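The values are calculated or read from the model by the stated rules, or taken from the named source; none is laboratory data. Just so it is clear, the structure is predicted and the values come from calculations on it, not from any experiment. Neighbour counts run over all protein chains shown; Cβ positions are idealised from the backbone, glycine included.
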Amino acid sequence: MGYMVEKEEYQKYVVGRIISVQKNAFFVLFENGEMLAKVSGKFMHQSKMKRDFPVTGDFVNMSILPDRSFAMIHGIRKRKNSISRQVSGGSKRLSGGPVDEQLIAANVDVIFVVCGLDRDFNLRRIERYLTLIYNSGASPVIVLNKKDLCPDSDSKKLEVESVALSVPVHVISAIDKDDVDSLRVYFKKEHTVALLGSSGAGKSTLINSLLGTERQKVHAVSEQLGKGVHTTTTRELIPMPGGGMIMDNPGMREIQLWVDGETTESVFGDIESIASECRFKDCTHHNEPGCAVQEAILDGTIDLKRVKSFMKLKKEVNYLEERKQKSADRIEKEKWKDIRKYQKTLNKDKA
């Protein structure tokens, strides 16, 4: 990771926290206020990957120029955690090359998954967000917004609780003070809360209500399309009046996961537990005899749509593990090579 400053050197520097990143400029919050910062030449030279550079939420060691025109960042302090996804629409991903990681934020304690109880409500999308969050090491909280537009909000909450196992679920209206106040319990003195959710879910409205001021721009959702407008264009870390920090994120039109193979166990622990009872360890949960997952679907223990979501994410995660090292073209060639070997084996058996 870039140029990591050793603890013995900390006293030489001022500690700041990245509150916003815009191209090659960093806005840093420190004990004397906010300041524009740049990375030093040595830091730039020793940084090999995108994740080596500061992101919103990072704590950095910096020195301030004598004329106080800007600060120089010399290193990133060790990250407690980080939120990553695949580079959205990146040329390498679209061209079939190995995929890149995009660091979204660092040092986040709690993540609100904000979903509107209107046309934005989607259980499968919630499962994808949870996969992203569990991989980061942060704690998820589901916030179902716009209850005033949903006559059956209680049943929607039950649906979410059936897929978001052991995750707190709050049903609110972002313009209702009592509802918003119920979320303040997550803003402890040194905690950072980030918001994730699609455009139009009400993240900016919620932030304004929590801050008690019109800090974030708010646009109406299109009634015809049910789509929101990107009112937040950059990730910004904002101090809360009562302590803690809140981070808004631009609405994600696509959630390209960057996770490891163990993450799905946290999101789909119910299915993973049932799958462990299958007769065959390599069961694909389709037509194999003794498949405990298929039996659970038939007797109503688990929902077929949730199983399909689990299988899709499992396949996506496995493919991602390969794409981190190989191009899509190479993976496809290896797949057909294995198929041809299998066909030759079948032909020999027939002969």
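Overview of values
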quantity: Filter pass, S162 being over 30 Å from E101 (Cα atoms) and not in a helix (DSSP H, G or I); calculated: no
quantity: Members of segment 126-152 found to be assigned to a strand (DSSP E or B) and touching a Ser or Thr at 6+ places or on another chain (Cβ under 8 Å), listed by number; calculated: L144, N145
quantity: I271 at pLDDT 65 or above and touching a strand residue (DSSP E or B) at 6+ places or on another chain (Cβ under 6 Å); calculated: no
quantity: Scope segment 168-200; condition of a type outside the set (A, V, I, L, M, F, W, C) and more than 22 Å from C150 (Cα to Cα); matching residues; calculated: R184, Y186, K188, K189, E190, H191, T192
quantity: Residue satisfying condition, being without any contact (Cβ under 8 Å) to a residue 12 or more places away in the chain and not assigned by TED's automatic domain parsing to the domain that holds G57, within set P168, P151; calculated: P151
quantity: Out of V15, V21, sole residue that is modelled with pLDDT of 85 or more, among the β-branched types (V, I, T), surrounded by fewer than 18 Cβ atoms within 10 Å (Cβ to Cβ) and not in a helix (DSSP H, G or I); calculated: V15
quantity: Where a residue in segment 110-128 is farther than 16 Å from V167 by Cα and its partner, wherever it lies, is of a type in the set (D, E), with Cβ under 9 Å and at least six apart; calculated: L117/D148; L117/D152; F121/E159
quantity: Some residue of segment 192-215 being modelled with pLDDT under 65, in a loop (DSSP other than H, G, I, E, B) and of a type in the set (V, I, T); calculated: no
quantity: So N81, is it among the polar types (S, T, N, Q), surrounded by fewer than 17 Cβ atoms within 10 Å (Cβ to Cβ) and modelled with pLDDT of 85 or more; calculated: yes
quantity: Segment 130-152: number of residues that are among the aromatic types (F, W, Y) and crowded, with 23+ Cβ neighbours inside 10 Å; calculated: 0
quantity: The lone exception for I339 - which of (1) more than 31 Å from the chain's Cα centre (by Cα); (2) modelled with pLDDT of 55 or more it fails; calculated: (2)
